[in-house]
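The values are calculated or read from the model by the stated rules, or taken from the named source; none is laboratory data. On a predicted model such as this, the values are computed, not experimentally measured, just so you know. Positions of Cβ are backbone-derived with ideal geometry, glycine not excepted, and every protein chain shown enters the neighbour counts. Heads up: the accessible areas ignore ligands, DNA and RNA and are worked out on the full protein's heavy atoms, side chains in. Shrake-Rupley method; radii C 1.70, N 1.55, O 1.52, S 1.80 Å.
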Amino acid sequence: MSTTTPIEPHLTHRERVRAAGLSGDYWYPAMWSGDLKKGEVKEVVFWKESIAVYRGDDGVVRAIEDRCAHRHVKMSLGVVQGCDLACGYHGWQFDGGGECTKIPHEVRTKNRPDIRVGSFPVTEKYGIVWVFPGDPEKAQLSALPHMEPVEKNWATIPVDYVVKCHHSMIVENVCDFYHEFLHRDYRPFASARFTGIDTTDDSVEVRYETKIGGGPFVKYFADSGSVNLNTIKLWYEYPFQRSDIDGKYLHWLFLRPIDEQTTHIFYVFTFKSFKLPFVKATLPRWLQQPVMALANKLYVQPVLGQDNWIMEAEQVAHNRHGGRPSFEFNPFVPKAQQLTMKKWDEYEASLKKRVSTTKKAGRATESPSAASLQVAE
Ligand code: FES
Ligand SMILES: [Fe+2]
């Protein structure tokens, strides 16, 4: 169960947004599937809560609380034993459900207590390991994002890294097409004009007219003949973000908040077609992945590097000036912030309810993370 610290009531609206987490009752990316080999364990943090994610010798991924029930050493420092995870200190072994299955040393008591730690729903799809950090009973009801282009084997560019800023700054950055000045040399988009916004209970959709991909390198490959590169739709589809250019260039951006100022982001860019420079032909399939790798190095990484640089600067600026008034002209920003706060308030209320139910059932000590949960009374 994630721990939350109540947001101070005297904060300004913007300070409250920048202190909010993302609801744990959704699936979040832990890592790329290929980064967790059989017999490996890794620490994954969701909103200040550490999770030990490991792949058993049977190839199945499991996720348990990153805390040994003995002396609270991190389980992610341990070793995989078959389908269990053994703590690195005295070797206590836990299964994927968090139950202690073995103590490999002398136990001087006849009635060994039932020993367990928390566990988390975990699954794999689209080459990503997903964890569900919230109420496990809600995991079945929460769908993974549907990434049809990945199922259809389009050319893709997966990119992940940690950014030292709040998750809301990232969503606002990606959905705000007014910041072309930052990218004036690479020109991923130009002359943007806001054309509309729609909201639902779970999403904000924003649309722009703009000129996509006119910058160096990409202009030779972008298939302007068969792809309309003059409009884009972007969504904050809580808790992730995505975009669509003419149904042919689509991206997904998954955010795993680590704390108020650190976010691990996972981008999946997908492309239906790219053309060969100076000729009319589209790229043959065998050439797509090498070209994607080149595009990533020469174009995507430098552009995203500019965004990271400015978002981290925004976080520093927010820490210094967050309480001061500011001006905002993009209609997307306040809508996205409202959605973030609504979902966070709902999640905090549901956590509070879970804790009181656990206490009433007299099980508070069984779940130490629940017992240490700080919720405003
Ligand atoms: S601290 Fe984990 S087995 Fe002792
Ligand atoms: Fe940008």
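Annotation note: of Ala86, Ala63, Ala69, the sole residue that is in the same structural domain as Val45 (by TED's automatic domain parsing), within 16 Å of ligand 1 (Cβ to nearest atom) and touching a Gly at 6+ places or on another chain (Cβ under 8 Å) is Ala86. Got at least one residue in region 155-169 being in contact with a Lys or Arg (Cβ under 7 Å, 6 or more places away or on another chain) and at pLDDT 95 or above? Looking for residues that are in contact with a Lys or Arg (Cβ under 7 Å, 6 or more places away or on another chain) and at pLDDT 95 or above, one finds at least one in region 155-169, hence yes. Of the residues making up region 295-323, those that are in contact with a strand residue (DSSP E or B) (Cβ under 8 Å, 6 or more places away or on another chain) and modelled with pLDDT of 95 or more number 4.
Would you check if there is a residue in region 28-44 being free of Cβ contacts under 8 Å to residues at least 40 places away in the same chain and either of a type in the set (Val, Ile, Thr) or at positive phi (or both)? No, region 28-44 has no match at all. Restricted to region 88-104, and to residues that are among the small types (Gly, Ala, Ser) and open to solvent by 30 Å² or more (accessible area, probe 1.4 Å), which residue is nearest to Arg55 (Cα to Cα)? If we take residues in region 88-104 being among the small types (Gly, Ala, Ser) and open to solvent by 30 Å² or more (accessible area, probe 1.4 Å), then Gly97 is nearest to Arg55 (Cα to Cα). Among residues that are modelled with pLDDT of 95 or more, of a type in the set (Asp, Glu), touching a strand residue (DSSP E or B) at 6+ places or on another chain (Cβ under 6 Å) and away from ligand 2 (no atom under 16 Å from the Cβ), Glu65 is not included.
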